[in-house]
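The values are calculated or read from the model by the stated rules, or taken from the named source; none is laboratory data. It should be emphasised that the depicted structure is a prediction, and the values quoted were computed from it without experimental measurement. Please note: Cβ atoms are built from the backbone with ideal geometry, for glycine as well, and neighbour counts cover all protein chains shown. The protein model used for the area step is the full one, side chains on, heavy atoms only, and it has no ligands, DNA or RNA in it. Shrake-Rupley method; radii C 1.70, N 1.55, O 1.52, S 1.80 Å.
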Amino acid sequence: MATYVIGDLHGALDEFHRLLKKTGFRYDGSDQLYLLGDYADWGKKSIETLLVVKELDERYPFVHCLMGNHEWMFLGTVLSASKEDLFFRSASNWLFDNHGMVTWNGFLKLSDQEKTDLVQWMQGLSFSCDAEVNGKWYHLAHAYPYFPKEEDEPSYCKIDAVWRRLMIREDPFASYTGPKQYEQFICGHTITQFYFEKLRYEKHWPYRKPGEYVRNRIFHGEKFIDLDCGAKCMDLSESWGERGQIAAMRAQLAAIRLE
């Protein structure tokens, strides 16, 4: 059995299919697949990616899908449509600041039933989960560890799970008081270049030379692994100039096999 984790698809549907094929993922129940959220926005095939992920999640018990901050923003906008002021505040943050317009335009073309089904599925997404592999426990969330409590849970915990960026020297299990001994925390959300730049600063490594388009790669921290290799940048248009072109050339979609 193999256990794969993929983060931050951002509408990169073709790359997602190619990555699953490259891993040799089996749909007979032999393998497990964990997706860490942010399935849409930025990429051209955002609504299509959402629908494919939804189908995988509903069809196969061995596919596990988590909530990301882009799903959080999507729901905040859609569910506030009847409250004008709240809708415009939510919509501005999602549609313009976080490139949700491509998803919104695709959503509007769906039938009423498809819209209802998609929203209901998204509302049911978990904010975290655990995976046991070869006797080792891994905690998975989109951005930050989330250990749900039965009562008296601070309202910010779920927001942290999808929004808060883990610092490079931060212990993701510092506040955990449960019985499990976790091997690693696995997340996405932050493009891995952020952590590599931190290490360069600490260790005085030379910066990349102009025109040196090295692909982003998975970051292995002391107690966490970040899988977001910048897939959201794959479809950046020429209007972004040289900065966008460099980001697009560095971008890729990554998976890790926990075994």
**Asked** Using a basic spin-label model with each label point 7 Å from the Cα along Cα→Cβ, how many nm lie between ARG18 and GLU222?
**Response** 3.7
**Message:** Taking R0 as 22 Å, what FRET efficiency do you get between TRP163 and VAL52 from their Cβ-Cβ distance, rounded to the nearest 0.05?
**Reply:** 0.35
**Asked** Where does the range 104-150 land on Rg/Rh, using Cα atoms and the Kirkwood Rh?
**Response** 1.19
**Fill in**
With a ≥ b ≥ c from the Cα gyration tensor eigenvalues, square-rooted, and the rule rounded for a/c under 1.5, otherwise prolate when a/b > b/c and oblate otherwise, the chain is rounded
**Projected label distance in nm at ASP130 and TYR27, using a 7 Å step from Cα toward the beta-carbon** = 3.1
**Asked** For the residue pair ALA174 and TYR201, what label-to-label distance in nm results when each label sits 7 Å from Cα along the Cα-to-beta-carbon direction?
**Response** 1.7
**Message:** Tell me the relative contact order for the chain as a rounded percent, counting alpha carbon contacts under 8 Å between residues six or more apart.
**Reply:** 22
**Prompt:** Along the Cα-to-Cβ line of TRP137, 7 Å from the Cα, sits a label point; which residues in the range 156-173 have backbone N less than 17 Å from it?
**Reply:** 172-173
**Prompt:** So what J values fall out for the range 163-174 if you push phi through Karplus, 6.51 cos²θ - 1.76 cosθ + 1.60 with θ = phi - 60°, rounded to Hz, Gly and Pro as x?
**Reply:** 10, 6, 8, 6, 6, 5, 9, 7, 8, x, 10, 4
**Prompt:** Within the accessible area of the range 21-66, what % is carbon and sulfur when the probe is 1.4 Å and the other protein chains stay in place?
**Reply:** 49
**Normalised convex hull volume, the range 14-146, alpha-carbon set, Å³ per residue** = 120
**Item:** Under 5 Å, built H, 5+ apart or other chain: amide partners of THR3
**Value:** GLN32, LEU258, GLU259
**Item:** Sequence ranges 64-70, 112-118, 123-129, ranked by mean other-Cβ count within 10 angstrom, highest first
**Value:** 64-70, 123-129, 112-118
**Prompt:** Can you list the HN-Hα couplings for the range 241-253, worked out from phi with the Karplus curve (6.51, -1.76, 1.60; θ = phi - 60°), rounded to whole Hz and with x for Gly and Pro?
**Reply:** x, 4, 4, x, 5, 5, 4, 5, 6, 7, 6, 7, 9
**Complete:** Given pairs LYS22/LYS223; LYS44/LYS232; LYS115/LYS232; LYS198/LYS223 and cut-off 21 Å on Cα-Cα distance, the over-length ones are LYS22/LYS223; LYS115/LYS232
